[in-house]
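*Asks:* The structure follows.
All of the numbers you see were taken from the coordinates with simple rules; none came from a lab. Just so you know, these numbers come straight off a predicted model, no measurement behind them. When we count neighbours, we look across all protein chains shown, and the Cβ atoms used for this are built from the backbone with ideal geometry, even at glycine.
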Amino acid sequence: MVILDALHWIQANVAPDLAVRWNCKAARCGSCSAEVNGRPSLTCKTRLSDFEPGETITVEPMRAFPLIRDLVTDVSWNYEVNRRIAPFQPPEDVPQEEWRWQQRDIERVQEFRKCIECFLCQDVCHVLRNHTTENEFIGPRFLVRVAGLEMHPIDEADRLEFLKDDGGVGYCNITKCCTEVCPEHIKITDNAIIPLKERVADRYYDPIQMVWRKVTGRGRPGGAPADGSRPADGSRPADGSPPAGQSSTEGRAGPTGSSG
């Protein structure tokens, strides 16, 4: 028996007007997010047997979002943030039937695609939870989405300026609380946020690159374009360095972060 079963029992026997959002009851839709004894959790995945017999179990709405009623919160802000992110941008001169990449090229991207948009990571993030930064910080869920796009082998959009200014990636202090509550066990901090912070730091705060761009009008030494995009043929610069804004570890096949 899970917490959601208990909530349904309360609806049927005690409080028929109790407002609870749920859908699949299989931990796939992300609808039943709440806080169980203060921890952001899926109520359909949190078992009553995980608690001591006789222990009081408190179920509350997600605190990071405006309350609608009972356990239902207004998460529409997340969809507004999603619309601000530049979508997938494949090469314009390559027909879709000619897109090619290897499995090793998209392993990290596939990890990010596991997200069910339960917004537990948004709820637990202290930047969104405790500070008025909803207009300056997009939160871990959407840093994961941007990472999935930025690390796609044929995506050509440049989102680093968005991450630095509108996305507020610098607000994250990598406490890994978002990783801890993710029901899909996505390594949000290690595999998404930290690589994005590295790319932004390389582009905007690396003094060597700043001097190089001013002197040559180009990106990294080795001939990468100043805007951080790949050469027209998708290859790396002649010296083997990664494109501007990408660290050497980010070009590897699989995730490089440790568990967290």
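*Asks:* Once you put a point 7 Å from the Cα of Leu48 and another 7 Å from the Cα of Cys24, both along the Cβ direction, what distance in nm separates them?
*Replies:* My value for the distance between the label points is 2.5 nm.
*Asks:* Mean separation of Cα pairs under 8 Å and 6+ residues apart, divided by the residue count of the stretch 59-193: what relative contact order is that in percent?
*Replies:* Values: 158 pairs, mean separation 37.2, N = 135.
Computed over the stretch 59-193, the figure is 28 percent.
*Asks:* Could you list Phe137, Phe119 in order of exposure, starting from the residue whose Cβ has the fewest other Cβ atoms within 10 Å? Intermediate results must be reported in sequence, preceding the final value.
*Replies:* On the way: Phe137 21, Phe119 24.
Going from sparsest to densest Cβ surroundings: Phe137, Phe119.
*Asks:* Find the Rg to Rh ratio for the stretch 4-141, where Rh is the Kirkwood radius over alpha-carbon pairs and Rg uses the same atoms. Write down the numbers at each step before the final one.
*Replies:* Details: Rg = 19.0 Å, Rh = 17.6 Å.
Answer for the stretch 4-141: 1.08.
*Asks:* Classify the stretch 174-213 as rounded, prolate or oblate from the Cα gyration tensor: take a ≥ b ≥ c as the square roots of its eigenvalues, call it rounded if a/c is under 1.5, otherwise prolate when a/b beats b/c and oblate if not.
*Replies:* Values: a/c = 6.69, a/b = 3.88, b/c = 1.72.
In terms of gyration-tensor shape, prolate.
*Asks:* Sort 107-114, 198-205, 90-97 by packing, meaning the average of other beta carbons within 10 Å per residue, with the highest value first.
*Replies:* Working: 107-114: 16.5, 198-205: 19.1, 90-97: 9.1.
Going by the mean number of other Cβ atoms within 10 Å, highest first, we get 198-205, 107-114, 90-97.
*Asks:* Still on this structure: Give the lysines whose C-alpha is closer than 25 Å to that of Lys214, dropping any in the same chain fewer than 8 places away, or say none.
*Replies:* Once the sequence-local lysines are set aside, what remains near Lys214 is Lys164, Lys197.
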